[in-house]
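Input: a single structure, listed below in structure tokens.
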Amino acid sequence: MDPSEHRAVWERRQAELWDRIFQVTQDVVHLADTIEKDSGGIVLQEGLLHAAMNVGKFLVRATASESEVDFRKNVEESRMQAIEADYWLRLAYIVQQHEGVQRDVSNIITQYSAIIDLLKKMETHVDHTHNISEYASRQKVSL
């Protein structure tokens, strides 16, 4: 793959990842509002929100990194937070025995699976021939 094709793939994956992260975070916030606050619901809600919000936070740090080591470390942490969010969602599915909540949780879990896969691809994307600062200097999110 020539460098321009490689760059285009990188940019498409990044745009897709950001779109998915913003959408799933919005879905998690909405879901968290529906979690019953008794029987551990508050802990579940806080854990879920914390992990979901951190996925984007660490990805922002990764794209602002000026070294490959920092980039990889932050993408890995973003992926780990997505895995943690997936854990909290699976726990919510078990604890919150409401059909509507379980349907929403199942949809969000599917979204996190795709995010985790994209983050794994992003981790392996940067190799010794690419300068991470070239990517970090570009606008990543258009609002």
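All of the numbers you see were taken from the coordinates with simple rules; none came from a lab. Note that the coordinates shown come from a computational prediction; the quantities given were computed from them, not determined experimentally. Counting neighbours? That spans all protein chains shown, and the Cβs are built from the backbone with ideal geometry, glycine included.
Would it be correct to say that GLN26 is in a helix (DSSP H, G or I) and loosely packed, with under 15 Cβ neighbours inside 10 Å? Judged against the criteria, GLN26 is a match.
Would a scan of region 46-58 turn up a residue that is among the hydrophobic types (A, V, I, L, M, F, W, C), touching a His at 6+ places or on another chain (Cβ under 8 Å) and within 19 Å of ILE116 (Cα to Cα)?
No.
Over 12 Å from the mean Cα position of the chain (by Cα), buried (at least 17 other Cβ atoms within 10 Å of the Cβ) and not β-branched (Val, Ile, Thr), is that true of ARG13? So ARG13 fails the test.
Listed by first and then second residue, the pairs linking a residue in region 114-126 that is at negative phi to a residue that is surrounded by fewer than 14 Cβ atoms within 10 Å (Cβ to Cβ), with Cβ atoms under 8 Å apart and 6 or more places separating them unless they lie on different chains, are LEU118/GLU16. Condition check for HIS50 on (1) in contact (Cβ under 8 Å) with a residue 40 or more places away in the chain; (2) surrounded by 13 or more Cβ atoms within 10 Å (Cβ to Cβ); (3) not hydrophobic (A, V, I, L, M, F, W, C): one failure, at (1).
When region 59-88 is limited to residues that are of a type in the set (Gly, Ala, Ser) and surrounded by fewer than 19 Cβ atoms within 10 Å (Cβ to Cβ), the one that is farthest from SER113 (Cα to Cα) turns out to be SER67. The lone criterion from (1) surrounded by fewer than 21 Cβ atoms within 10 Å (Cβ to Cβ); (2) within 20 Å of GLY41 (Cα to Cα) left unmet by ASP117 is number (2).
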